[in-house]
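Here's the structure we're looking at; comments come further down.
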Amino acid sequence: MKIIQVGLGGMGNAWLNAARHLPEIEYAGFVEINETIARAQAERYGLDASLIFHTLDEALAAVQTDGVLDITPPQFHRSIALTALEHGIPVLSEKPLADTLDAGREIVAAANRTGVLHMVAQNRRYSVPAQTLKRVLASGEMGQVASVSVEFFRGPHFGGFRDQMPYPLIIDMAIHHFDMMRFFLDSDPVATAGRSWNPPWSWYRGDASAAVLLEFASGAVVSYSGSWCSRGVETSWNAHWRFECEFGAVVMHNDQVFIGRNDEARSLTAARETDASMLVPPVIMTYTDQTYLLREFYQAVTSGSVPATICQDNLKSLAVVFDAVRAFESGTTVRSESAVP
Ligand SMILES: NC(=O)c1ccc[n+]([C@@H]2O[C@H](COP(=O)([O-])OP(=O)(O)OC[C@H]3O[C@@H](n4cnc5c(N)ncnc54)[C@H](O)[C@@H]3O)[C@@H](O)[C@H]2O)c1
């Protein structure tokens, strides 16, 4: 399968490396608007510089492709997706689907109208810890989930688009965690409340910290707290998770999954867990993250299988992001856009 990769910047490296591991993927060309980055990456990866174009239209006119990989900042996802879809070319796009909910809806409308595949790279679903956690929850062995708490604290200095965008934590990062909530709980939120703020030392223009409370259709209540300008004791990129379940707790901490059960009635004299928490053996995966997604894209294009993160579904994860933003800006609990039929 031949692909065109649009965007050769920071995250472009992860995809260039993933494609190298998959013999079924071949590059037809590249698109990069920044000449310096284009030259540097051509040299670094031994790319044919004559196949690096300035716009997707130029690339599509010059080379044959079976798919477009969009690794540009969020504000470009809409126009790149629409161009590819109108040419009948399937798209695998970096998250978030788009930088606004309206732009996300336009992409979904174009995918529906053209009948062409558009999927979003929610790579964190396809990491070993997330799949291990999902397996425990899906087995039903811990019973119903009543509540979840999620903590994400990191302090990366990216520079670039994130420093200028509104709500960088929520739009560019928490989209992963909101999508993981939907994946883990197999449910969508119905109501969202929250507050965002920018710590005095923040190097971001938009609010880099937030607390969000989400009520899911399953009945589970999720509290999310996070910051993208934390100054120490960082969590993993996947965040720390604690699920309060009918038969005990399930925890993902530093990318390891633990369960703690207490099946016996407690008494005042034995007020401790009868079982210590147990490490859950990690699942074995042949492909993870970008490699998993690129293979899933290849399979969808060549065999018509339907990926879990097609834009039609992923719009619901993007809706959670903008529910949170509406909640911050209105100071009220908002009914979820994703729950609106
Ligand atoms: N899934 C993850 O874990 C993860 C991690 C980092 C970034 N991302 C996502 O990847 C995307 C890109 O982020 P990044 O960190 O690589 O940004 P970046 O700014 O480092 O790189 C983006 C590149 O795209 C180029 N570009 C911009 N507009 C273009 C256009 N119209 N046509 C061609 N090239 C264009 C820029 O010149 C730049 O080289 C974002 O959506 C971001 O959220 C995902």
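The values are calculated or read from the model by the stated rules, or taken from the named source; none is laboratory data. Computed from a predicted structure; not experimentally measured. With ideal geometry, Cβ positions are generated from the backbone for all residues, glycine too; neighbour counts draw on all protein chains shown.
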Condition test on T72, is it more than 7 Å from the ligand (Cβ to nearest atom), hydroxyl-bearing (S, T, Y) and surrounded by 15 or more Cβ atoms within 10 Å (Cβ to Cβ)?
no
Can you name the residue in the stretch 201-212 that is in contact (Cβ under 8 Å) with a residue 24 or more places away in the chain and not in a loop (DSSP other than H, G, I, E, B) and, of all such residues, is farthest from S227 (Cα to Cα)?
V212
Reported set for the stretch 212-242 where residues are within 16 Å of the ligand (Cβ to nearest atom), of a type outside the set (G, A, S) and either outside the structural domain of T132 (by TED's automatic domain parsing) or closer than 18 Å to A130 by Cα (or both) is T235, W237, N238
Yes or no: the stretch 66-81 includes at least one residue that is outside any helix (DSSP H, G or I) and farther than 24 Å from D99 by Cβ.
yes
In the set V128, V108, V116, V120, which member is of a type in the set (A, V, I, L, M), within 11 Å of the ligand (Cβ to nearest atom) and out of contact with any Asp or Glu (no Cβ under 6 Å at 6 or more places or on another chain)?
V120
Among the residues of the stretch 219-277, what is the count of those that are at pLDDT 95 or above, among the charged types (D, E, K, R) and not in a loop (DSSP other than H, G, I, E, B)?
2
Condition check: modelled with pLDDT of 95 or more, under 27 Å from D163 (Cα atoms), of a type outside the set (A, V, I, L, M, F, W, C) and more than 9 Å from the ligand (Cβ to nearest atom). Does N17 satisfy that?
yes
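Given the structure, is L85 under 19 Å from V301 (Cα atoms), under 23 Å from the mean Cα position of the chain (by Cα) and in contact (Cβ under 8 Å) with a residue 12 or more places away in the chain?
yes
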All but one of (1) in a strand (DSSP E or B); (2) among the acidic types (D, E); (3) within 13 Å of the ligand (Cβ to nearest atom) hold for D172; which doesn't?
(1)
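Taking the stretch 299-335, which residues are part of a loop (DSSP other than H, G, I, E, B) and surrounded by fewer than 23 Cβ atoms within 10 Å (Cβ to Cβ)?
First, the residues of the stretch 299-335 that are part of a loop (DSSP other than H, G, I, E, B): 304-309, 331-333.
Scanning the stretch 299-335 gives G304, S305, V306, P307, A308, G331, T332, T333.
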Quick one: would you say A111 is assigned to a helix (DSSP H, G or I), in contact with a helix residue (DSSP H, G or I) (Cβ under 6 Å, 6 or more places away or on another chain), closer than 30 Å to N238 by Cβ and of a type outside the set (D, E, K, R)?
yes
Just give me the residues in the stretch 75-90 being of a type in the set (A, V, I, L, M), buried (at least 22 other Cβ atoms within 10 Å of the Cβ) and within 13 Å of the ligand (Cβ to nearest atom), in sequence order.
I80, A81, A84
May I ask you to verify whether T65 is more than 12 Å from the ligand (Cβ to nearest atom) and under 19 Å from the mean Cα position of the chain (by Cα)?
no
Would you mind stating whether M180 is touching a strand residue (DSSP E or B) at 6+ places or on another chain (Cβ under 9 Å) and either under 18 Å from A217 (Cα atoms) or in contact (Cβ under 8 Å) with a residue 24 or more places away in the chain (or both)?
yes
